[in-house]
Amino acid sequence: MHALSLRQQSFIGLALAVLMVVTRGQHLGPAGYVPDASWAVFFLAGVYLRAVWALPAYMLLALGLDVVAVAWGGVSGFCLTPAYLLLVPAHAALWGAGRWYARLHRPFWWSLVGLAAAVTLASFAAEVLSSGGFYLFSGRFTELSAGVLATLGAVLAGLA
């Protein structure tokens, strides 16, 4: 991918931050609910933003939005458990896949194969880390069946 100017990256970075603010959580109420774009934001930040500090900046933004939503927005804190820490590697996987794709990208249709692979693998990793981690480490599930543990183990082994 050709290098973007600092001005272009700043504009994209701000637009991605606004997208996260507008879509993360249920702060707009049921009538204004739009799907959370956080995963797309982390992936696209990896693709377009060269500064390494963008990853922790977006992580802090996501954390801040979640804290505000729970503390003042009336959103349930059900997901704020020790498993919340697994969002760090989940978001890093999305961002890293975006960086990988940015190096791979070429202005040809076949570059879409790399994009599809990056999005698929990063989404899979993020889902396993966030949802699987919540299931295992949140303390919300007292009994874990052998089947569930075997499935999670097989999925995690596939990532290694």
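For segment 1-14, which residues satisfy the criterion of being modelled with pLDDT of 90 or more and either touching a His at 6+ places or on another chain (Cβ under 9 Å) or open to solvent by 50 Å² or more (accessible area, probe 1.4 Å) (or both)? Hits for segment 1-14 are 5, 6, 7, 8, 10, 11, 14. Sub-6 Å Cβ pairs linking a first residue in segment 136-149 that is at negative phi to a second residue that is at pLDDT 80 or above, at least 6 apart or interchain, are 137/82; 137/83; 138/81; 138/83; 141/135, ordered by first then second residue. Of the residues that make up segment 109-116, is at least one in contact (Cβ under 8 Å) with a residue 12 or more places away in the chain and either part of a helix (DSSP H, G or I) or of a type in the set (Ser, Thr, Tyr) (or both)? Among the residues of segment 109-116, at least one is in contact (Cβ under 8 Å) with a residue 12 or more places away in the chain and either part of a helix (DSSP H, G or I) or of a type in the set (Ser, Thr, Tyr) (or both), which makes the answer yes. I'd like to know if segment 102-115 contains one or more residues that are within 10 Å of the chain's Cα centre (by Cα) and surrounded by fewer than 16 Cβ atoms within 10 Å (Cβ to Cβ). There is no residue in segment 102-115 that is within 10 Å of the chain's Cα centre (by Cα) and surrounded by fewer than 16 Cβ atoms within 10 Å (Cβ to Cβ).
Put simply, of 148, 155, 128, 119 the only residue that is under 24 Å from residue 40 (Cα atoms), at pLDDT below 85 and among the β-branched types (Val, Ile, Thr) is 155. Scan segment 32-47 and tell me whether some residue there is over 17 Å from the mean Cα position of the chain (by Cα) and modelled with pLDDT under 85. For segment 32-47, residues over 17 Å from the mean Cα position of the chain (by Cα) and modelled with pLDDT under 85: present. If only residues of segment 48-88 that are assigned to a helix (DSSP H, G or I) and farther than 25 Å from residue 137 by Cβ are counted, the one that is least open to solvent (accessible area, probe 1.4 Å) is 54.
The values are calculated or read from the model by the stated rules, or taken from the named source; none is laboratory data. This structure is a prediction, so every number in the text was calculated from the model and none was measured. Because the Cβ atoms are built from the backbone with ideal geometry, glycine has one as well, and the counts that use them run over all protein chains shown. Ligands, DNA and RNA are stripped out before the accessible areas are found, and what is left, the full protein with its side chains, is counted by its heavy atoms. Shrake-Rupley method; radii C 1.70, N 1.55, O 1.52, S 1.80 Å.
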